[in-house]
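Step one of this worksheet: look at the structure below.
Values in this text are rule-based calculations from the coordinates and carry no lab data. Just so it is clear, the structure is predicted and the values come from calculations on it, not from any experiment. Using ideal geometry, Cβ is built from the backbone for each residue, glycine included, and neighbour counts are taken over all protein chains shown.
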Amino acid sequence: MASFVAMEPPEGGPSDRTIFVRDRFTFWAFLLPFVWFLLNRMPFMAVMSLLVVFGLFMLMTLPDFGLVGLLILLLVLFGFGLEAPVLKIRSLRGKGWHEAGTIDARSFRDAELRYFTGAVPTGTDSSWRERLPWFATPAEETAR
């Protein structure tokens, strides 16, 4: 099963504008980070990724740094691929969107179905703590 984060628009509540971000390695952010960031409306990250990749390509042209530069480049690109969903969520938060909840589902369609039918607790719902008596925060432990 995959994990999806439901992001609701600034006006609040579930709507047709709700975005579901799948928490997984993003191949296109690994392969073409500049393009991926632009398509996901993150121009600052697009410019930063372009500068980092360009700098690492320049490092690869130096004598004795070809292989090291390539390995660092691959690691940085791998990091872009891993962190792309998190960066997208942070970008949406900066634009006023808020996290409605996390959904475990097999597919995007399944995540939408679970979210819009109310089968998923929202981010502000804490009733799950009442259903799990063994879970307690340190403050609740000292109060008992």
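What the table shows:
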item: Between the range 71-102 and the range 26-57, the Cα center-to-center distance that results, in Å; result: 11 Å
item: Mean Cβ count within 10 Å, highest first, over the residues of peptides 87-93, 54-60; result: 87-93, 54-60
item: Sorted by Cβ neighbour density within 10 Å, fewest at the top, the residues THR117, THR102; result: THR117, THR102
item: Total formal charge among the other residues, if their Cβ is under 13 angstrom from that of LYS88, Lys/Arg +1 and Asp/Glu -1; result: +3
